[in-house]
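**Q** So that we are looking at the same thing, I have put the structure below in structure tokens.
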Amino acid sequence: RLWNLHAKNKGSGQIIAHEIILLLAMAKGLKDPVLFERIVKEEGSRNEDHNNGRIGEMWFECGNYDKAIFYLEKVNKSSGQYWQVDDLLLKAYAQVGDVEKQKKIAWQIFRSSRTKENFEKALQAEAPAKHQELLEQEIHGIIQEKKLESQSVDFLLEMGLPNQAEEYILQRKNELDGNNYGSLSDWVEVFEQQNKLLISSLIYRALLDS
């Protein structure tokens, strides 16, 4: 009945946004991805990345992982929506057993946001037994970076590697920026707990000079 009312109102040119919202909610409640896809297309949005992301997520939630992958892979990597779909793609690839694509997307997620959680995802996709080898590769890559990257320090500390984090910062101490108050405050707290007085004093100096 609601769909028929929507079709009638559409034909008469009446505002139908609230009907679209109700129809989408109904399709989700019914776990009907075919209806959901039809409504999204009926909505007429020109944001294809957003549309494909929503449709792919709906197919994923309904257990059709091939369909989910089909739509999620259409989302442009430079799109603002992409960060919302990469984790879904990782899970979908795992469900269909596509190991190579699973590895690729897992490392892609990690490279875009270097955290312990994302490293564990990449490790799980690659090979849990290679934990130390892969971690050492990451440490080597971080040490080779030309400038100080806050995310790299965060990662090293999150992985329980204060010595490597200290070495990394000391090699780039002139780049310490006291305006980056949040990160520096977190770092100095860890270094003080480790009784690393030199690096702690350098960070405090940067904070005072800002």
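The values are calculated or read from the model by the stated rules, or taken from the named source; none is laboratory data. Given the structure is predicted, the values throughout are model-derived calculations rather than measurements. Virtual Cβ from ideal backbone geometry, glycine too; neighbours counted across all protein chains shown. What goes into the accessible areas is simple: the full protein's heavy atoms, side chains included, and nothing from ligands, DNA or RNA. Shrake-Rupley method; radii C 1.70, N 1.55, O 1.52, S 1.80 Å.
**Q** Kindly indicate whether any position in region 137-145 is loosely packed, with under 14 Cβ neighbours inside 10 Å and in contact with a Phe, Trp or Tyr (Cβ under 9 Å, 6 or more places away or on another chain).
**A** Yes, region 137-145 contains a residue that is loosely packed, with under 14 Cβ neighbours inside 10 Å and in contact with a Phe, Trp or Tyr (Cβ under 9 Å, 6 or more places away or on another chain).
**Q** Scan Gln95, Gln108 and give me the residue that is open to solvent by 40 Å² or more (accessible area, probe 1.4 Å), in contact with a Phe, Trp or Tyr (Cβ under 6 Å, 6 or more places away or on another chain) and outside any loop (DSSP other than H, G, I, E, B).
**A** Gln95
**Q** Give the residue that is nearest to Ser78 (Cα to Cα), with candidates limited to residues of region 111-131 that are within 20 Å of the chain's Cα centre (by Cα) and open to solvent by 60 Å² or more (accessible area, probe 1.4 Å).
**A** Checking each candidate, the answer is Ser112.
**Q** Before we move on, is Leu90 open to solvent by less than 80 Å² (accessible area, probe 1.4 Å), within 14 Å of Asn52 (Cα to Cα) and out of contact with any Ser or Thr (no Cβ under 7 Å at 6 or more places or on another chain)?
**A** Criteria not met by Leu90.
**Q** Let me confirm something: among Leu134, Leu161, Leu176, Leu207, which residue is under 24 Å from the mean Cα position of the chain (by Cα), of a type in the set (A, V, I, L, M, F, W, C) and either modelled with pLDDT under 95 or within 30 Å of Leu88 (Cβ to Cβ) (or both)?
**A** Leu134
**Q** Pairs only if they're at least six apart or on different chains, beta carbon under 6 angstrom, first in region 74-100 and modelled with pLDDT under 90, second in a loop (DSSP other than H, G, I, E, B) and not small (Gly, Ala, Ser); list them, first residue then second.
**A** Pairs that qualify, where the first residue is modelled with pLDDT under 90 and the partner is in a loop (DSSP other than H, G, I, E, B) and not small (Gly, Ala, Ser), are Gln81/Val75; Tyr82/Val75; Val85/Val75.
**Q** Additional query: Considering (1) of a type in the set (Gly, Ala, Ser); (2) outside any loop (DSSP other than H, G, I, E, B); (3) under 25 Å from Met58 (Cα atoms), say which one Ser78 fails and leave the rest.
**A** Failed condition: (2).
**Q** Restrict the check to region 155-172 and report whether at least one residue is open to solvent by less than 20 Å² (accessible area, probe 1.4 Å) and part of a loop (DSSP other than H, G, I, E, B).
**A** Within region 155-172, one or more residues are open to solvent by less than 20 Å² (accessible area, probe 1.4 Å) and part of a loop (DSSP other than H, G, I, E, B).
**Q** Please indicate, with yes or no, whether at least one residue in region 173-188 is open to solvent by less than 100 Å² (accessible area, probe 1.4 Å), in a loop (DSSP other than H, G, I, E, B) and farther than 25 Å from His140 by Cα.
**A** yes
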